[in-house]
Every structure is written in C-alpha cells, then in structure tokens.
1. Only one of (1) small (Gly, Ala, Ser); (2) surrounded by 20 or more Cβ atoms within 10 Å (Cβ to Cβ); (3) in the same structural domain as ARG114 (by TED's automatic domain parsing) fails for GLY372. Which number is that?
2. Just for strands (runs of 3 or more DSSP E) wholly inside segment 182-265: which have at least 3 residues that are more than 26 Å from the chain's Cα centre (by Cα)?
3. Just to check your reading of the model, which residue among THR324, THR360 is at negative phi, in contact with a helix residue (DSSP H, G or I) (Cβ under 9 Å, 6 or more places away or on another chain) and not assigned by TED's automatic domain parsing to the domain that holds GLY421?
4. From the list ILE355, ILE400, ILE404, which one is without any contact (Cβ under 8 Å) to a residue 24 or more places away in the chain, within 26 Å of PHE23 (Cβ to Cβ) and surrounded by fewer than 16 Cβ atoms within 10 Å (Cβ to Cβ)?
5. Based on what the data block shows, is LEU158 part of a loop (DSSP other than H, G, I, E, B), under 25 Å from ILE108 (Cα atoms), aliphatic (A, V, I, L, M) and modelled with pLDDT of 75 or more?
6. Does TYR281 count as in the same structural domain as VAL320 (by TED's automatic domain parsing) and within 17 Å of ILE104 (Cβ to Cβ)?
7. Spot the failing condition for PHE242; the list is (1) free of Cβ contacts under 8 Å to residues at least 24 places away in the same chain; (2) crowded, with 19+ Cβ neighbours inside 10 Å; (3) touching a helix residue (DSSP H, G or I) at 6+ places or on another chain (Cβ under 7 Å); (4) not acidic (Asp, Glu), and only one is missed.
Amino acid sequence: MGYAPTTTFRIDPTVKQRANEVFEELGITMSTAVNAFLKAVVREGGLPFDMRVEANNHASSPAQKKHENEGRQPLDLQRPTGNASLNHAFIQKKDEFYTQYEDIEKEIVNYPGRFNDKTVLCNCDDPFESAFFRYFVLNFEELGLKKLISTCYAESSLAGLEYPLAFNSTTPHRPYKAEVTQVPEPTELLRPDGSLDIEALFTLKSNTLNLLHGDGDFRSDECKELLDQADIVVTNPPFSLFRDYIKQLEQYKKKYIILGNINAATYKEIFPLFRDDKIWYGESIRSGDRKFYVPNDYPLNASGCGIDENGRRFIRVKGVRWFTNIENGRRHESLQLTEHYTAGAYPKYDNYDVIDINRTARIPADYPGIMGVPITFLDKYCPEQFQIVMLANGNARTNIEPAILEEVGYMPHPEDRGGVGMLNGKRAYARIFIRRRTS
C-alpha cells in the first residue's frame, strides 16, 4: 500500500466550519475536497479559479504597485479551462453559457401537443442571442403557441451583439423583454444569411419590444409578473442560482423544461422533488457533454472548445441534464434487469441495512430489500418500477425523517459525516436508496 504523507496547514475556524457544511452536503470530506483541488491545479496547470488584484482606493499590494509603476493593467490570472470551467462559473457566478439550437430542438420534440395555446417564458437569456427565442419563434405556429415572452439580464455581455437595437447605443446592456403573439410568413421571417428578421417580426402590431425598468433578474417584481403570465418556462438558468430558480418555479406552480447540472439533483431543496415524483430528467440528454456558446473574452484553451464557422466561441460542459415536470413517455419505460443477487457480490453498508450497487446496470432483479445506487440512476428511473426512499449523503442524519432512517436500518457511524454510506470503514459516494415496487 502506498504511503500518503500528512500535511498540516492553518485554516480560519469559521471558513473551515462553513466549508465542512458544504462538503457534508456533497457527501465528501475536507481531505477529499483538498485532494480534488490539488488534482485540478495539476490538471489545469494553475489555480482552477480567478485570482486578481485590482486598483482601488485602498493600499495596493507590492505586486500591484509594481504593475502600476510599469503602467500595466491590474493583475489578472487566466480563467481555468476544461472540466474546471463549470466550477469556475459556479464560484464566480459567471454562468453565461448559451444553449445550442439543436439541443433545444431535440428535447422539445418529445412533448407533442404540450405547447398548444400556451404562453412560453424564456427568462434567463437575451431574446436575440439565445437559441431559445429563435427556436420558439421559428416553431411558433407548429407548436400552436399563444404567446412567447423572452427577457435578458442587465449584465449580459452578449446583449445586442447579434441584433443591435436602437436603444442599445445610448443604454448599453440594458435588459429588455420581447413579447410575440404572432409571426410573419416563413419567407419573411428569415434573412438570406439565416438570421431572424427582427424588423419583420416587430412590425407586427401585436408584438412588442421594450426595455425593462430593473435589471432583468428573474427574482425581480416585474419578472415575477411575467412569470405569472406564463404556462411553461423553458430556459438555461444560471447554474449557480439553480436552487433559487427551481424554488420560484415550484412556488408559482409552473411547468418547466430547464437545463441544469446533474449534481443539482442531490441538493436538499431539489432531491425531494425527484423522490416525490414532482420532477424528473428530460428525454434527450442522458450522458456525455454539451456545447455552449460563451462571451468573446472567454478562454478556449481546453480540448473540445473552439470557434464555430460563424465566429462564435463555445465550450463543452459535462454532466448537463434537462429538468422537467412535464410528462414524457420514456420515463415510464422499465429498466431491464439481468443481474441476480448474491451476498458476496453486493456488500451491505456498515451503517445501513442496505446493499451497495456501484452501477445502475448491476441492479439485481430478485433482491427484495433496499438498494443504494449512483445518482446516475435517475437517468433510467421508472416510477412504476422503483420507489425512491432517500438520499444517503452528509445531510441524511438531519434532513431525513426518523421513521425513514429506522426503515433503512441507519446506525450512526463516527466517520459517516452525517449519513454517508460506509463500506468496510470507508465513506462511499452519495447514493440514492431505492426499492423495487411489487405491483
């Protein structure tokens, strides 16, 4: 066995406590997090997030003074790339990733008839830089839409680039809303280069394009008023605000099809929605990464990133899923089970009366008890075939009802960090506890 040296370093007690609270929710330890950070440093060849020293009214650091004396710009270390890009966006709350038209099209076709006579809201993208707006305008008649509403946020660095608007010259980066209730004939809707003919679209009297009074934040009162009008919300919300976004949609009892990261399913605010069959994954994305457009100043140093034939920068992000509460057929297809249970092949957790299953494909067809499966199980979850019992992670001990903990045979372990499954004295990854339905 290799020797792992021990390293000691000082941490502010408050920072340590708050960090541990996050790690417990993720079902990992401080040591695991530090090791993940160090591996990211090695992989990225630098820190996996921005570090910058900017000029201000306070005393400058020695390094900043040197830069200032040389007449150079404030220190600005390059953004991370590759797999660290999504984590960087989460930390810095820079989530300006623009979804591909093809990804939207592949998902929406799975909901035939669901949009007929409905008002659709796309409230987290610039109306004219977003493929969401383009898709619903081009398919307005075919979907039978009643109305399309689209808004953008004030800080969008892409706002007004593709379709500069008259008010953009005097009010740059002002958020606006587009409301469409009818569309021109297809021959009048597209320009020769394939872009939308915005003038033709908004010369129709029933369509409007107006500045918003505030900053366009989906949590603002005027954006809530637009949400009130909507029947279905379809967009790519900021991943860093995913909890708040879902909470608002549930509060307003809206139907939705939105993009998010697969790990969002483990959030304490969202997992109960999966458990109670109030939310599930969409149809078209079950694995792999996805292409997103990014602003022109976003670095493209990782493999898979690049610039398309139209000169737009893009990156590829792993672990993306559509989250929805609109019925689709695939989620009711039963998973074909071919494995059979043997005690030696399926160990039990030290602290739960539950067997561990490391891959969804290994779920046994003949085990009657509770099983712990990876979170990727949700890609194949059929509510008629399985019942979701709970999520075993660092929040289990405090978030799960005592009756359920008793049902799964939970016995506190000194190393389980609040409820993470233990296998031979070692913490496992977060697991979803399920059981087969008997009827």
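1. (3)
2. The qualifying strands (runs of 3 or more DSSP E) are 208-211.
3. THR324
4. ILE404
5. No: the conditions fail for LEU158.
6. Yes: the conditions hold for TYR281.
7. (1)
Table: residues versus (1) more than 30 Å from ASP379 (Cβ to Cβ); (2) surrounded by fewer than 15 Cβ atoms within 10 Å (Cβ to Cβ).
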| site | (1), (2) |
| --- | --- |
| ARG174 | yes, no |
| THR187 | yes, yes |
| PRO192 | yes, yes |
| LEU196 | yes, no |
| GLU199 | yes, yes |
| THR208 | yes, yes |
| SER220 | yes, no |
| LEU227 | no, no |
| GLU250 | no, no |
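The values are calculated or read from the model by the stated rules, or taken from the named source; none is laboratory data. Quantities reported herein were computed from a predicted structural model and do not represent experimental measurements. Ideal geometry is used to build each Cβ from the backbone, glycine not excepted, and the neighbour counts take in all protein chains shown.
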